[in-house]
Each structure stands twice: as structure tokens, then as C-alpha cells.
1. Output the residues belonging to region 277-295 that are of a type in the set (A, V, I, L, M) and touching a residue at least 40 places away in the same chain (Cβ under 8 Å).
2. Working only within region 255-276, note down all residues that are assigned to a loop (DSSP other than H, G, I, E, B) and either free of Cβ contacts under 8 Å to residues at least 60 places away in the same chain or touching a strand residue (DSSP E or B) at 6+ places or on another chain (Cβ under 9 Å) (or both).
3. List the number of the failed condition for Arg337; all other conditions in (1) loosely packed, with under 14 Cβ neighbours inside 10 Å; (2) touching a His at 6+ places or on another chain (Cβ under 7 Å) hold.
4. Within region 237-254, can one find any residue that is of a type in the set (Asp, Glu), part of a strand (DSSP E or B) and at pLDDT 90 or above?
5. Given the structure, is Asp112 in a loop (DSSP other than H, G, I, E, B), over 16 Å from Val420 (Cα atoms) and either of a type in the set (Asp, Glu) or under 19 Å from the mean Cα position of the chain (by Cα) (or both)?
6. Taking Arg99, is it in contact with a strand residue (DSSP E or B) (Cβ under 8 Å, 6 or more places away or on another chain), more than 30 Å from Ser437 (Cα to Cα), surrounded by fewer than 20 Cβ atoms within 10 Å (Cβ to Cβ) and of a type outside the set (A, V, I, L, M)?
7. Can you tell me which residues in region 85-115 are of a type in the set (S, T, N, Q) and closer than 18 Å to Ala212 by Cα?
Amino acid sequence: MTGELETKRAARNMGTPPKTATKAGEMKVFGRAGSTVGSDIRDYLSRTVVAFDWVDLVDADQCRDMLGLGGFETLDFPIVEFPDGERVFAPKPQDIAARLGWVTAPRHEEYDLSIYGGGPAGLSAAVYAASEGLRTILIERFAVGGQAGTTSAIENYMGFPEGISGADLAERARQQAVKFGAELVMMEEGVKARFENDRIHVDLANGSQLVAKSNICATGVEYRRLGIADEERFLGMGLFYGAGVAEAPYCKNEDVFVVGGGNSAGQAVMHLADHADKVTMLVRGSSLAETLSEYLITRIEARPNVEVIYNVEVAALDGDKILRRMTLKDLKTEKTRDLDASRLFVCIGGVPNTEWAKDTLIKRDRAGYLITGQDLLDKGRAPDCWTLDRQPYYLETSVPGSFAVGDVRHDSIKRVASAVGEGAMAVSFVHRYLAESH
């Protein structure tokens, strides 16, 4: 590894990372033209604001000229070439993260606060907690930003009149958090939690354990699936969940489809329309007025290469190695029709990422969201598992010292601004809890 990359890795571990892992053009990713293999690499690098060049190889001659390699048809793509010349064949995002220095391990045996999830709510909590002197660690299983990090433009967040991409906003927040001393452990997640001795003990996926006096759950939501056959088969092979920010530049001269009628789907449509020949928005409802912000409706209606089809759902997917076709079902007539489709972006909301809580005393609603504060009370009484004389704080779960913020919380407002606000507010309650309990 070059001295430059060693310096960048050390900087990350000390909490003073550069804005990007590489300079423009330093990292190259080679893929086979016409294939969607490697979309997860593009997504990861884009969301972590790492500069890279994606190179489509069209034949064996080009492969030999650019890489000096034969066997074009049998090579394991994508091929990632790092600034020092090292090549990695068909890596997973976590392999790249480790190579660039993103994956670190907890440095302390115990923390004042552990935060799970690196979306706007979790990052906000990390910034405020660390800046106020709490020993803070944030665990993120993929890339910072959460679902907001996949948004091409957040235009209704105060202070950014021209809008800002979710990835850029998250990267700024990450830098701010580590500047104040928060530890960020990437490509890691908690798989089981238990609460004992006024501590939360979390088993991490790598086999280690994390202990903290308090915790904030900001794990957000998982992308909701279509619930049809062959989704896993075509995932990353023409079927994508989210706004497709990383995929949009590769949709030139293509007709693409977006499923969903909410703001995330609307943003995806507008971003993809800057690159694709045509974008078709597939909506279950009969209008966009109930689910989409007015400013997005106006833009979608005015965009000549955007079509909206109402009262439909995707009923089936078909193809060979990649997605080729889909079947649409008219929800009014029950009739179906087949359409050619090589790129389908699904933005239909999400389900809470709270499976880890099933064996704990943390209360969840029927949909799996974490219940907090006054919503825990029944006729003014806290649940039987509540162990303190006081009532739960506003963002506190049924376990004292364990808080929930952002989209994962029952009855939360699904906006970036409210998530950021809840993250900051939760830290004030953490201070109160630590003062009374430790």
C-alpha cells in the first residue's frame, strides 16, 4: 500500500478523514459493458463520496489494451484498481471499505453513548453527543446517510436553497461528528442486544461486543419489497431499491421505470430524467396529490420525457441473466400487459429495522416501529417492564436509557429535518438519564 493511502487510513482512524478517499481519476472500476453487475460498488462509492472512474469494457481487445488481461468473457467483474495499482476482482463493498480504511473497531471497553444507524438522526445525535463531551460511538452497517443518503437532491431542508444531495449532507455530518471526537465504525451492525447492570450489551456481527451506558436506535427502515417472485434474482441486475443516484449516469439512451408515488420516488424520477431517454413512473393510486409534494408534482408534469401511469402495480419480472421484461397489472380492470424493462427502481417506502429488539423488553407496535415516550403509557401508567419511578422521556423506549429517533420510531415524521431534530433532542435526554443513573 502506498504511503498516501496509509496516511488516509490513519486519518480516518484518528477521526480527521479527508473529504474523499481519492482524488478524481485515482480509483478506477472496470465493468463489462451492458451488465449491471457492480451496481452495489457504484452505490457504495457514490454514497461515501469517493471519487472514481467507471470504465465499461466492450470486448477482449479493449480489455487487453486497458488492463493487460485476457479472458474477457471469464474475468470476474467488476475489477477495482486502486491508486497504487493494486487490483481486486469482484470485491464486495466491505472489501473496498476495508482497503480504504473505513472499517475500524471500537477503541474503548465502554461508552457513554452508543448510536446504531448513520442516517440523519444518528449522525445528528453523534455530532451533539460528541461535541458535549460524551464518549460516543456510532455503528453503521453500510454507508452513512441511510435512505436519505440515496436521495439526489434534498430541496426542503433549511439552509440549502439550491438543495443538497443526501450523500453530501451525510458526508458533511460525518466529518463534523468525527471532528468532535465521535467514533464511527462502518460496515458493522448489531445482531443481538441485552440490557443488564444499567448498560446495553450489543453483540456485533463480527463477534465482538459493544457496551454503553445509554444508546440511541436510529436504524431507520429497510426498503419495502415488491413481494413478487424473482426479486432476489434480479436485485442489482436491473432491479434496484431506492432513488438510483449511482445508477442514473449509466441510463443514457434507455427507458427506465420508477415504482412509487412518494417524494423519494418523485426525486428519483427527476434525477433519472436528466440521464435517461424516458422515465415512466408507476403509481398504485389515481393521483400524486396525496403522496407527493406540490413542487415535485409541478416538475414531473412539466418534464417532457416523464410519463406517469396510475392505478398499476408490478406483477412479475422476467429476463435471463439480467432483467429484460416486467408485467404490469391494472388495479381497476385486473388486466395485465408486458413491457420491456432493463432498469426498474423501487421507491415504495420501508419497514422498520428492529428485528434486533424482538428478544428485549423494548416495546414495538404492530408494524415493528419502536414505541417511545407518552405512547408507552396506558391510562397514565408505564408498562410493567419500566423500572424507574419517573415516566419515560419523550424519545425513550420501554427500557430506561434506550432511545429511538428518526424513521424507526413509532409515529415519527418522515422528514430529514425532524430526524436531525430528534437526534439532537435525544442527546439532551441522554444527559438527564446519565446524571440520574450513573
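The values are calculated or read from the model by the stated rules, or taken from the named source; none is laboratory data. Note that this is a predicted model, so its numbers are computed, not measured. Glycine also receives a Cβ, built like all others from the backbone with ideal geometry; neighbour counts cover every protein chain displayed.
1. Passing the criteria: only Leu282.
2. Answer for region 255-276, where residues must be assigned to a loop (DSSP other than H, G, I, E, B) and either free of Cβ contacts under 8 Å to residues at least 60 places away in the same chain or touching a strand residue (DSSP E or B) at 6+ places or on another chain (Cβ under 9 Å) (or both): Gly260, Gly261, Asp274, His275.
3. (2)
4. If we filter region 237-254 for residues that are of a type in the set (Asp, Glu), which is where we start, we get 247, 254.
Among the residues that remain, those that are also part of a strand (DSSP E or B) are: none.
No, every residue in region 237-254 fails to be of a type in the set (Asp, Glu), part of a strand (DSSP E or B) and at pLDDT 90 or above.
5. no
6. Judged against the criteria, Arg99 is a match.
7. Once the filter is applied, which keeps residues that are of a type in the set (S, T, N, Q) and closer than 18 Å to Ala212 by Cα, region 85-115 yields Thr104, Ser114.
Conditions (1) in the same structural domain as Ile413 (by TED's automatic domain parsing); (2) in a loop (DSSP other than H, G, I, E, B); (3) polar (S, T, N, Q); (4) at pLDDT below 95, marked per residue:
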{"residue": "Asp65", "(1), (2), (3), (4)": "no, no, no, yes"}
{"residue": "Asp84", "(1), (2), (3), (4)": "no, yes, no, yes"}
{"residue": "Asp95", "(1), (2), (3), (4)": "no, no, no, yes"}
{"residue": "Ala105", "(1), (2), (3), (4)": "no, yes, no, yes"}
{"residue": "Gly118", "(1), (2), (3), (4)": "yes, yes, no, no"}
{"residue": "Ala125", "(1), (2), (3), (4)": "yes, no, no, no"}
{"residue": "Tyr128", "(1), (2), (3), (4)": "yes, no, no, no"}
{"residue": "Gly133", "(1), (2), (3), (4)": "yes, yes, no, no"}
{"residue": "Ile137", "(1), (2), (3), (4)": "yes, no, no, no"}
